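Q: Please see the structure below; I have some questions.
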Amino acid sequence: MFATLTDRLTATFKNLRGKGRLSDADIDATAREIRVALLEADVALPVVKDFIAAVRERARGEEVSQALNPAQQMIKIVNDELVRILGGETRRVRFAKQPPTVIMLAGLQGAGKTTLAGKLALWLKEQGKQPLLVAADLQRPNAVTQLQVVGERAGVAVWAPEPGNGVGDPVSVARSGIEHATSRLHDVVIVDTAGRLGVDEELMKQAADIRDAVKPDETLFVVDAMIGQDAVNTALAFQDGVGFDGVVLTKLDGDARGGAALSVASVTGKPVMFASAGEKLTDFDVFHPERMASRILDLGDMLTLIESAQKAFDAEQAEDMARKLQAKGGKDFTFDDFLQQMQAIKKMGSFKSLLGMLPGAGQMREALDSFDERELDRVQAIVHSMTPGERANPKIINGSRRSRIAKGSGRQVSEVNQLVERFFMAREMMSQAARGKLGGIPGMPGMAGGIPGMPAIGGKKSKGKQPKQGKKGKRGARSGNPAKRAAQLAAADEKRSAEPQPGQLPSAFGGAPEGDGNLELPDDIAQFLKRR
């Protein structure tokens with residue numbers, strides 16, 4: 001979503017690199033470029049003015065003039081100001097001292113409130129809570145049915161005494177939902193309310209009546225991050241008509257310019273508490289202003305990546321894999337272990353989103369956009385087509401086996417060859433990482449050295465070191481002089497005759513080329529030496 005803004009800011013900061021001191025002209029030019037970038041990203045004009053004024057003031061202060069690297073200090077200032085307009089600190093849910101905690105969702109129709117209710121319920125369930133979803137949206141067609149389906153997918157109970165579709169009183173449903181939660185020992189209640197295509201008096205009255213009936217501990221305003229400037233106007237209208245404690249941004253994975261995310265928190269003074277960036281129920285997390293600012297500046301989001309890895313990877317399995325990679329140069333690491341890692345990576349979400357959290361991901365955006373997520377499924381198909389023996393010992397996979405594996409997985413032999421080759425390369429790199437020779441991500445050994453079979457995204461192909469050509473006069477090089485060349489050939493023949501023949505021990509062990517030191521060896525040992 002913030003691709004355009006990231007590209008503009010990155011290009012702006014490139015112009016500052018290498019400068020030992022920033023002049024007023026440099027500061028003005030940088031501020032002008034940042035202003036254009038924010039306006040192009042659809043950030044509200046009052047927010048942009050406040051942002052640029054703060055950056056100019058700090059850039060002309062002592063923290064830049066006395067810095068060893070003024071350009072880096074300028075980036076730090078922009079990062080700090082981005083964190084400030086995004087809300088400053090991570091805002092957590094305030095749970096009631098006396099359960100149940102009541103969370104009310106409000107917003108326009110189409111913002112994704114119903115799906116978000118299921119995502120929030122699943123997230124609370126993972127935190128050890130017992131949430132209950134209350135279907136108080138009785139106007140939108142099939143809204144109650146949708147919430148029931150979402151609740152079933154999340155494994156969360158749903159209170160839906162009315163069928164909806166224009167039938168029933170949402171205020172009484174919300175009130176009875178609290179009573180039901182209390183009797184069934186649910187410690188969190190999430191009330192899904194109705195929306196409208198636009199702000200109107202009826203919408204505000206119904207939302208206010210539900211608020212007065214259930215007295216929510218948290219009222220969350222759900223806003224579609226793709227609607228641009230209208231998100232700010234809608235947020236202000238809800239703040240005046242109903243009031244809310246925090247903002248939830250949905251559809252952050254969209255291709256809009258994302259100005260709403262940078263505007264709502266600053267204009268309303270209410271923090272962004274959660275962010276949703278996908279269709280899956282797991283595509284949901286707490287909103288961290290400092291991490292989002294880091295992503296916008298293309299500095300990566302390693303903390304979120306590590307947290308995702310720790311959730312997806314089983315601790316015991318990770319330790320077991322680390323031991324395999326540390327011992328014997330990683331030779332105990334098999335395709336079965338690789339398959340476990342790939343399945344864990346798929347649990348973490350989109351492969352593109354994972355790579356997007358790495359520093360400098362903006363520089364390989366084209367490669368990321370062209371990456372096919374189904375490549376992971378194709379690699380899995382190849383591995384599943386291997387026999388247990390082949391997965392345990394990949395070295396036995398010869399040409400005929402590769403042909404059979406390709407037919408079984410519906411892929412080309414060249415793809416099988418590439419996977420096997422990259423497996424050995426990645427295993428060696430992961431082994432080095434496990435022994436501390438390379439950096440990696442804690443709890444996720446498979447990401448340290450890349451994924452076998454995956455294309456090298458954003459990287460340059462290594463040409464490899466060419467063997468050095470023998471120089472004139474070096475050992476093994478033949479002279480152009482006929483007399484010298486004849487002497488060299490004679491010396492080589494003499495050396496070869498001095499070497500032990502099959503069935504003869506080297507002279508260091510009592511053997512001699514003349515024959516008086518020859519030892520008669522058993523046939524099987526002589527045959528072994530001959531093969532060698």
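Q: For Ser276, what residues show an amide H to amide H distance below 5 Å, using hydrogens built from the backbone and excluding near sequence neighbours?
A: Placed amide hydrogens put Leu249, Thr250, Lys251, Leu252 under 5 Å from Ser276.
Q: Once amide H atoms are built 1.01 Å from N in the peptide plane, which residues 5 or more positions from Ala136, or in another chain, come under 5 Å H to H?
A: Under 5 Å from the amide H of Ala136 lie the amide H atoms of Asp192, each far enough along the sequence or on another chain.
Q: So, one more: Modelling each spin label as a point 7 Å along the Cα-to-Cβ direction, I'd like the Ala29/Leu236 distance in nm, to one decimal.
A: 3.6 nm
Q: If I compute solvent accessible area with a 1.4 Å probe over the protein chains, what percent of it on the range 72-138 is carbon and sulfur? Write out the running numbers ahead of the final one.
A: Numbers: 1180 of 2590 Å².
Reported share for carbon and sulfur atoms: 46 percent.
Q: Whole angstrom only: what separates the Cα centroid of the range 263-301 from the Cα centroid of the range 21-41?
A: About 24 Å separates the Cα centre of the range 263-301 from the one of the range 21-41.
Q: Also, I was wondering about something else. Amide H neighbours of Ala157 under 5 Å, at least 5 residues apart or on other chains, H built in the peptide plane: list them.
A: Residues meeting the criterion, in which the H sits 1.01 Å from N, are Leu133.
Q: Further question: Looking at the range 122-250, what % of its DSSP beta bridges pair antiparallel, to the nearest 5? Working shown, then result.
A: Values: 1 of 14 bridges.
In the range 122-250, DSSP labels about 5 percent of beta bridges as antiparallel.
Q: Using only the Cα atoms of the range 119-173, build the gyration tensor, take square roots of its eigenvalues as a ≥ b ≥ c, and label the shape rounded, prolate or oblate: rounded if a/c is under 1.5, else prolate if a/b is larger than b/c, else oblate.
A: Values: a/c = 3.06, a/b = 2.03, b/c = 1.50.
In terms of gyration-tensor shape, prolate.
Q: Ok, one more. Could you tell me the distance between the Cα centroids of the range 117-172 and the range 182-243, to the nearest Å?
A: The range 117-172 and the range 182-243 have Cα centres separated by 15 Å.
Q: Cross-link list Lys76/Lys129; Lys113/Lys347; Lys324/Lys407; Lys14/Lys270: which exceed 27 angstrom alpha carbon to alpha carbon? Mind dumping the intermediate values first?
A: On the way: Lys76/Lys129 38 Å; Lys113/Lys347 24 Å; Lys324/Lys407 31 Å; Lys14/Lys270 34 Å.
Flagged as over cut-off: Lys76/Lys129; Lys324/Lys407; Lys14/Lys270.
Q: Summing Lys, Arg as +1 and Asp, Glu as -1, what charge do residues with Cβ under 13 Å from the Cβ of Ser414 carry, Ser414 excluded? The partial results should precede the final answer.
A: Numbers: positive: Arg378, Arg402, Arg411, Arg422; negative: Glu415, Glu421.
Cβ neighbours under 13 Å give a net charge of +2.
The values are calculated or read from the model by the stated rules, or taken from the named source; none is laboratory data. As the structure is a computational prediction, the values presented were derived from the model and not from experiment. Neighbour counts are summed over all protein chains in view; Cβ atoms, including those assigned to glycine, are modelled from backbone coordinates with ideal geometry. What goes into the accessible areas is simple: the full protein's heavy atoms, side chains included, and nothing from ligands, DNA or RNA. Shrake-Rupley method; radii C 1.70, N 1.55, O 1.52, S 1.80 Å.
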